[in-house]
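The values are calculated or read from the model by the stated rules, or taken from the named source; none is laboratory data. These numbers were taken from a predicted model, which means no experiment stands behind them. Cβ coordinates were reconstructed from backbone atoms using ideal geometry, including for glycine residues, and neighbour counts include every protein chain displayed. All accessible areas refer to the heavy atoms of the entire protein, side chains included, with ligands and DNA or RNA removed. Shrake-Rupley method; radii C 1.70, N 1.55, O 1.52, S 1.80 Å.
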Amino acid sequence: MSLTWSAKDHKSMTQPAATGQKRSRNDIGNKVAVVLGAQWGDEGKGKVVDLLATDADVVCRCQGGNNAGHTVVVDGKEYDFHLLPSGIINSKSISLIGNGVVIHLPGLFEEGDKNEKKGLKGWEKRLIISDRAHLVFDFHQVVDGLQETERQAQEGKNIGTTKKGIGPAYSSKAARTGLRVCDLLGDFKDFSMRFKNLVRQYQAMYPALTVDVDDQLKKLKEYCERLRPMVRDGVYYMYEALHGSPKKILVEGANAALLDIDFGTYPFVTSSNCTVGGACTGLGIPPLNIGEVFGVSKAYTTRVGIGAFPTEQLNAIGELLQTRGHEVGVTTGRKRRCGWLDLVIVRYAHMINGFTGIALTKLDILDVVDEIKVGVAYKVNGKRIPHFPANMDVLHKVEVEYETFPGWKTDTSAARKWNDLPAKAQNYIHFIENHIGVPIKWVGVGKSRECMIQMF
């Protein structure tokens, strides 16, 4: 990451500029590196973040909530993170939950305490929470379940949400009836009144919804004091981090490009922007401060829940990928659907995010496959289309054009450098790199940190 900021620059920044004096375009401060999912999630972002977080000063979450699930293995111990940034493992760095994240407080503290039992010490002292972040309440989670049941009854299909209340919380935010961290820590009488109004609104829509308001408010008041020391003005904190002494700042995206509320396979998406723009809006930082953008993709494709999946393999190959890859959701425990690597979606993710490097994970899962296919284009009515279809009916009907590669039939899990990989695996990687037009920076061949082969 390039750091082009000096103490002199900082001094001139903190003093008010003379009237009409323009700030140099070079005085942009520290750059942030962003890690984003390039498929439908579960690509191994946590592992890449963990790798980069070892020498990061600040690690941030900018969107989503505890619907995300990142697993990090350190010294043989497996930590599961849903709301906490994976960087919380690094005792030398600060972890920040930005304004774009929706926070379920019981979930946050339960997650912290659970990981503390596994050996995560002092996490509360290293965590900063933006006062502008919206809150997810227990009733949001109940409503999430009610909405899924309603969708199933009306349309015969649901979205496959994690039932963590994320969609309803973002709905409250967009409807301007949501409550934020700063509201909870402000006048509690005013907060209580607004909380009761919000409950009444939801009960008008869902008569079956029962909420013990007094009990909920009592619990929220208790969380207040535990939460208060962690809360800061997130915008000001990030501004200081960007324009202070040189720092390595990392942004950990949750979910993935194809689950983005705008660019994903709508309506089977999440409720936030999990592409690069979400890093700016979810933290309050300018685009100018975005540096490296790393996309994470598996060496094949998986998807949880329903929705179009052009390269899905409902056969022995799909079964093999599912069992060998232990493809079960961290948050939901649902079996993931599996298929060949789809480079149409990875290129589409690159169009939106402008990746500067790719992490290709779980290459070792393909070690036993005789013949490997890669989706390189979509055809509609026999004609190649240059774009990724917005319409789900069209996406369901596309015909995938594949390139076929011979399998390497060698165990790659012990590979630690490029030359340790068999030639056929190297060819596979080169093909992916050339097709997307982005260099592959890491290749993953196992669960632990050591299994990420760094290419450059």
Only residues that are aliphatic (A, V, I, L, M), open to solvent by 10 Å² or more (accessible area, probe 1.4 Å) and touching a residue at least 60 places away in the same chain (Cβ under 8 Å): list them for the stretch 316-342, please. Val330
Applying the selection to the stretch 388-412, what residues are free of Cβ contacts under 8 Å to residues at least 24 places away in the same chain and within 24 Å of Tyr428 (Cα to Cα)? Glu399
Restricting to the stretch 343-382, name every residue that is part of a helix (DSSP H, G or I), closer than 17 Å to Glu403 by Cβ and either open to solvent by less than 10 Å² (accessible area, probe 1.4 Å) or aromatic (Phe, Trp, Tyr) (or both). Leu343, Ile345, Val346, Leu363, Leu366
In the stretch 57-78, what residues are open to solvent by less than 20 Å² (accessible area, probe 1.4 Å) and over 21 Å from His140 (Cβ atoms)? Val58, Val59, Cys60, His70, Val72
Inspect all residues belonging to the stretch 354-370 and state whether any of them is within 21 Å of Val304 (Cα to Cα) and more than 26 Å from the chain's Cα centre (by Cα). no
Only strands (runs of 3 or more DSSP E) wholly contained in the stretch 54-164 count here; list those with 2 or more residues that are of a type in the set (Asp, Glu). 77-81
So in the stretch 424-456, with the set limited to residues that are open to solvent by 60 Å² or more (accessible area, probe 1.4 Å) and assigned to a helix (DSSP H, G or I), which one is farthest from Glu292 (Cα to Cα)? Lys424
Would you pick out the residues in the stretch 326-376 that are under 20 Å from Val35 (Cα atoms) and among the charged types (D, E, K, R)? Asp342, Arg347, Lys362
Given the criteria charged (D, E, K, R) and touching a residue at least 24 places away in the same chain (Cβ under 8 Å), does Asp370 qualify? yes
Considering every residue within the stretch 170-183, establish whether at least one is buried (at least 19 other Cβ atoms within 10 Å of the Cβ) and under 23 Å from Gly46 (Cβ atoms). yes
Qualifying positions in the stretch 383-410 - surrounded by 12 or more Cβ atoms within 10 Å (Cβ to Cβ), farther than 25 Å from Ile306 by Cβ and of a type in the set (Lys, Arg): Lys409
If only one of Gly112, Gly29 is closer than 24 Å to Ala169 by Cβ and either in contact with a Pro (Cβ under 8 Å, 6 or more places away or on another chain) or in contact (Cβ under 8 Å) with a residue 24 or more places away in the chain (or both), which one is it? Gly112
Consider Glu403 against the criteria (1) over 28 Å from the mean Cα position of the chain (by Cα); (2) not aromatic (Phe, Trp, Tyr); (3) not in a strand (DSSP E or B): it satisfies all of them except one. Which criterion is unmet? (3)
Out of Thr301, Thr210, sole residue that is under 18 Å from Ile358 (Cβ atoms) and of a type outside the set (A, V, I, L, M, F, W, C): Thr301
Go through Leu105, Leu96 for me and flag whichever is over 23 Å from Leu52 (Cα atoms) and of a type in the set (A, V, I, L, M, F, W, C). Leu105
